[in-house]
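A.B. asks: Quick one: the structure is below, questions incoming.
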Amino acid sequence: MSQILSGRTALVTGGAGGIGRATSRALAEMGAEVTFTARSAESLAATEEALEGMAKGVVCDITDRARLAEVLAPGFDILINNAATIAPIGRITDLDPQAFSASIETNLTAQFDAIRLALPAMVARGAGTIVNVSSGAAHRPQEGWSAYCAGKAGLAMLTKSVHLEYGAQGIRTFGIAPGVVDTAMQAAIRASGINPVSRLSRDDLAPPEHPGQAIAWLCTPDANALIGQELDIRDPNLRDAVGLPPL
């Protein structure tokens with residue numbers, strides 16, 4: 001595989017499973033030096049073993065602002081904002097306000113923090129790539145997902161804001177909706193049974209390797225024509241460019 005990202009450093013948040021793990025592998029296969037965050041030492045060790053030494057992990061809850069600052073202190077060429085939570089699932093009058101706020105903290109505020117901390121080193125180098133893992137839920141509400149939809153909608157606008165403010169300084173920013181993917185989050189969604197997405201068969205879900213490959217591709221010059229955009233992995237033109245099979 002091409003080492004097109006050789007010499008680049010990348011941080012993948014929420015890298016201990018699913019899309020994050022697949023993205024870490026794809027970036028490493030392209031030559032990047034990859035660091036990923038995990039919420040526990042156990043999940044970190046399991047992921048490092050699964051990745052066969054291709055990436056190194058750091059224990060970090062991204063809502064821990066001080067710890068996130070430590071992780072980002074070295075400066076990275078690439079930031080993948082992947083960590084997220086689907087909780088709380090429920091209709092608005094059934095939700096606890098603190099749980100709603102915790103969702104926004106994880107799915108939006110922590111993403112902002114990571115971007116804010118990553119930007120100075122990128123701007124100083126005159127180059128950097130930020131990929132925010134978005135969702136179709138950012139644009140289409142789903143019953144029971146008011147917190148998740150609101151957080152992802154905010155993240156989609158944050159992507160556009162970063163591009164507006166820093167695009168001219170060499171910062172490449174993208175948002176990408178990965179589709180419905182076979183991850184632990186989807187297992188929690190299926191268990192809820194609250195909306196059409198929760199009733200999808202596991203056989204209908206995409207493998208994490210597909211969005212992982214697409215996210216890594218966005219970090220290459222081949223994606224320059226798409227800078228600043230909110231993308232959807234189901235778009236046939238994007239899939240063709242990445243090299244994914246048609247749907």
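Rule-based calculations on the coordinates, nothing more; no lab input. Bear in mind that the values here come from a model prediction, so they are computed numbers and not experimental data. Virtual Cβ from ideal backbone geometry, glycine too; neighbours counted across all protein chains shown.
A.B. asks: Based on this model, can you work out whether A214 counts as more than 18 Å from C149 (Cα to Cα) and out of contact with any Cys (no Cβ under 8 Å at 6 or more places or on another chain)?
C.D. replies: Considered against the rule, which asks whether it is more than 18 Å from C149 (Cα to Cα) and out of contact with any Cys (no Cβ under 8 Å at 6 or more places or on another chain), A214 comes out as yes.
A.B. asks: Looking at I227, is it touching a strand residue (DSSP E or B) at 6+ places or on another chain (Cβ under 6 Å) and surrounded by fewer than 18 Cβ atoms within 10 Å (Cβ to Cβ)?
C.D. replies: Yes; evaluated as a whole, the condition is true for this residue.
A.B. asks: If D113 satisfies all but one of (1) within 16 Å of T37 (Cα to Cα); (2) surrounded by fewer than 16 Cβ atoms within 10 Å (Cβ to Cβ), what's the number of the condition it fails?
C.D. replies: All conditions are met except number (2).
A.B. asks: Just to check your reading of the model, which residue among G17, G90, G57 is over 20 Å from the mean Cα position of the chain (by Cα) and small (G, A, S)?
C.D. replies: G90
A.B. asks: For P236, state whether it is over 14 Å from the mean Cα position of the chain (by Cα), surrounded by fewer than 14 Cβ atoms within 10 Å (Cβ to Cβ) and within 29 Å of A87 (Cβ to Cβ).
C.D. replies: Spelling it out, it is not the case that P236 is over 14 Å from the mean Cα position of the chain (by Cα), surrounded by fewer than 14 Cβ atoms within 10 Å (Cβ to Cβ) and within 29 Å of A87 (Cβ to Cβ).
A.B. asks: Are any residues in region 18-36 in contact with a strand residue (DSSP E or B) (Cβ under 9 Å, 6 or more places away or on another chain), outside any strand (DSSP E or B), on the phi < 0 side of the Ramachandran plot and not hydrophobic (A, V, I, L, M, F, W, C), and if so, which ones?
C.D. replies: Answer for region 18-36, where residues must be in contact with a strand residue (DSSP E or B) (Cβ under 9 Å, 6 or more places away or on another chain), outside any strand (DSSP E or B), on the phi < 0 side of the Ramachandran plot and not hydrophobic (A, V, I, L, M, F, W, C): G20, R21, T23, S24, R25.
A.B. asks: Also: Only one residue in L200, L155, L218 is buried (at least 22 other Cβ atoms within 10 Å of the Cβ) and either farther than 30 Å from Q3 by Cβ or among the basic types (K, R) (or both). Which one?
C.D. replies: L155
A.B. asks: Can you go through A121, A137 and tell me which one is without any contact (Cβ under 8 Å) to a residue 60 or more places away in the chain, under 30 Å from S192 (Cα atoms), surrounded by fewer than 23 Cβ atoms within 10 Å (Cβ to Cβ) and more than 12 Å from the chain's Cα centre (by Cα)? Show your work before the answer.
C.D. replies: Numbers: A121 fails: under 30 Å from S192 (Cα atoms).
Criteria check complete, one pass: A137.
A.B. asks: Do the conditions hold for L11, that is, is it in contact (Cβ under 8 Å) with a residue 60 or more places away in the chain, part of a loop (DSSP other than H, G, I, E, B) and in contact with a Ser or Thr (Cβ under 8 Å, 6 or more places away or on another chain)?
C.D. replies: no
A.B. asks: Condition test on T173, is it of a type outside the set (D, E, K, R), crowded, with 19+ Cβ neighbours inside 10 Å and in contact with a His (Cβ under 7 Å, 6 or more places away or on another chain)?
C.D. replies: So T173 fits the description; yes.
A.B. asks: Which of (1) surrounded by fewer than 14 Cβ atoms within 10 Å (Cβ to Cβ); (2) under 18 Å from the mean Cα position of the chain (by Cα) is the odd one out, the single condition A66 does not satisfy?
C.D. replies: (2)
A.B. asks: Within region 155-201, can you find the residues that are out of contact with any strand residue (DSSP E or B) (no Cβ under 6 Å at 6 or more places or on another chain), among the hydrophobic types (A, V, I, L, M, F, W, C), in contact (Cβ under 8 Å) with a residue 40 or more places away in the chain and not in a helix (DSSP H, G or I)?
C.D. replies: Once the filter is applied, which keeps residues that are out of contact with any strand residue (DSSP E or B) (no Cβ under 6 Å at 6 or more places or on another chain), among the hydrophobic types (A, V, I, L, M, F, W, C), in contact (Cβ under 8 Å) with a residue 40 or more places away in the chain and not in a helix (DSSP H, G or I), region 155-201 yields only I194.
A.B. asks: Checking D240 against (1) within 19 Å of V133 (Cα to Cα); (2) out of contact with any Gly (no Cβ under 8 Å at 6 or more places or on another chain), which single condition isn't satisfied?
C.D. replies: All conditions are met except number (1).
A.B. asks: Pick out the one residue from R91, R67, R8 that is of a type in the set (D, E, K, R) and closer than 30 Å to N195 by Cα. So that I can check it myself, show each step before the final result.
C.D. replies: Details: R67 fails: closer than 30 Å to N195 by Cα; R8 fails: closer than 30 Å to N195 by Cα.
None of the others qualify; the one that does is R91.
A.B. asks: Exactly one condition in (1) out of contact with any Lys or Arg (no Cβ under 9 Å at 6 or more places or on another chain); (2) more than 22 Å from Q213 (Cα to Cα) is not met by V59; state its number.
C.D. replies: (1)
A.B. asks: When the residues of region 186-197 are filtered to those that are closer than 19 Å to S134 by Cα and touching a helix residue (DSSP H, G or I) at 6+ places or on another chain (Cβ under 7 Å), which remaining residue is surrounded by the fewest Cβ atoms within 10 Å (Cβ to Cβ)?
C.D. replies: V197
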